[in-house]
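Below is one structure, written out as C-alpha cells; the observations come after it.
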Amino acid sequence: LANILTNSIDYSGTARLGAAYLMSENELTKRLKMVFGLRAESFRQQLIVAGAANEKSNLDLLPSVNLSYDLNAKSKLRLSGFRAVNRPEFREFAPYRYYDYANDFIVAGNPNLERSSILNADLRYELFPAAGEIFSASAFYKHFSNPIEQINLGNSVLSYENVPGAVIYGVEAELRKNLGFLAASRLLENLGLYLNAAYIKGSV
C-alpha cells in the first residue's frame, strides 16, 4: 500500500472501550432455563490528521437472552437473541486515499462513517450422543442497521459508506464424533472427527 499525497499522508488514532454487564441465570422449570443480561459499552474513537481531530463517541446498550429447553437427557433446544455493533476501522474513515496494488484501485476513507447496529436471532437443536460428542443444527437471522459497505465512486476509486440496511440468514450443521467406535484402539479413542457446514444468504 502507498499513500497518495493529499492534505496529509499519515494519521494517528486512539480507541477506548469501557464495558460492564449484568447477567442472570434462571431455572423457569426443570427443563426450561433462561439466561439474560445487558452489556453497556462506552466507545470513543479519535483520529488526528494534520492537527485536526475527528472524534466519534457512542454509548450502546446491548441486551441478550438465551432460552434452553431439555428435550431429554441427551438433547436440547436453544433460542437466543442479542444486539451487537460493528464499528468502522481507522483506515475506513481516515480522510485520505491510498493505492491498492493487488486490485488496481484507489481506496478513499470516509470520515462520516457511523457504527452499525446488528440484531441477531438463533434457533439451535443440540444432541449429545456421548461425552465429547455433539450433533447440532441451527437456523440464524441477522439484521444490520447502517452497515458499512464498500462503494465505487467511479474512475477506479473505492470508498466506504453507511447504507440503510442489510439482512443475513442461513442454516448451519455441526458434528463432533469420537473415532473409538471404529476399532478397539487407544489411538482412535483419542481422535475425533469434526464437520461443519453452513448455507448463508444475504442482501444489502
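The values are calculated or read from the model by the stated rules, or taken from the named source; none is laboratory data. Everything quoted here is computed from the prediction, not taken from an experiment. Using ideal geometry, Cβ is built from the backbone for each residue, glycine included, and neighbour counts are taken over all protein chains shown. SASA here: full protein model, heavy atoms, side chains in, ligands and nucleic acids out. Shrake-Rupley method; radii C 1.70, N 1.55, O 1.52, S 1.80 Å.
Assorted remarks:
- The condition (being touching a residue at least 40 places away in the same chain (Cβ under 8 Å) and either farther than 30 Å from Phe140 by Cβ or not aliphatic (A, V, I, L, M) (or both)) is satisfied by just one residue among Arg87, Arg91: Arg87.
- Count of residues meeting criterion [in contact with a Lys or Arg (Cβ under 9 Å, 6 or more places away or on another chain), open to solvent by less than 60 Å² (accessible area, probe 1.4 Å) and polar (S, T, N, Q)] in region 49-84: 5
- A Cβ distance below 6 Å, combined with a sequence gap of six or more or placement on separate chains, defines the contacts here; from region 8-36, residues that are open to solvent by less than 50 Å² (accessible area, probe 1.4 Å) reach residues that are small (Gly, Ala, Ser) in the pairs Ser8/Ala50; Gly18/Ser42.
- Any hit, region 166-173, residues being of a type in the set (Ser, Thr, Tyr) and either free of Cβ contacts under 8 Å to residues at least 12 places away in the same chain or under 30 Å from Asn66 (Cα atoms) (or both): yes
- Leu59 being within 27 Å of the chain's Cα centre (by Cα), of a type outside the set (Phe, Trp, Tyr) and farther than 30 Å from Glu174 by Cα: yes
- Residues that are in a loop (DSSP other than H, G, I, E, B) and either within 27 Å of Ala20 (Cβ to Cβ) or among the β-branched types (Val, Ile, Thr) (or both) do not occur anywhere in region 62-78.
- For the criterion of being closer than 27 Å to Ala19 by Cβ and surrounded by fewer than 16 Cβ atoms within 10 Å (Cβ to Cβ), Arg87 fails.
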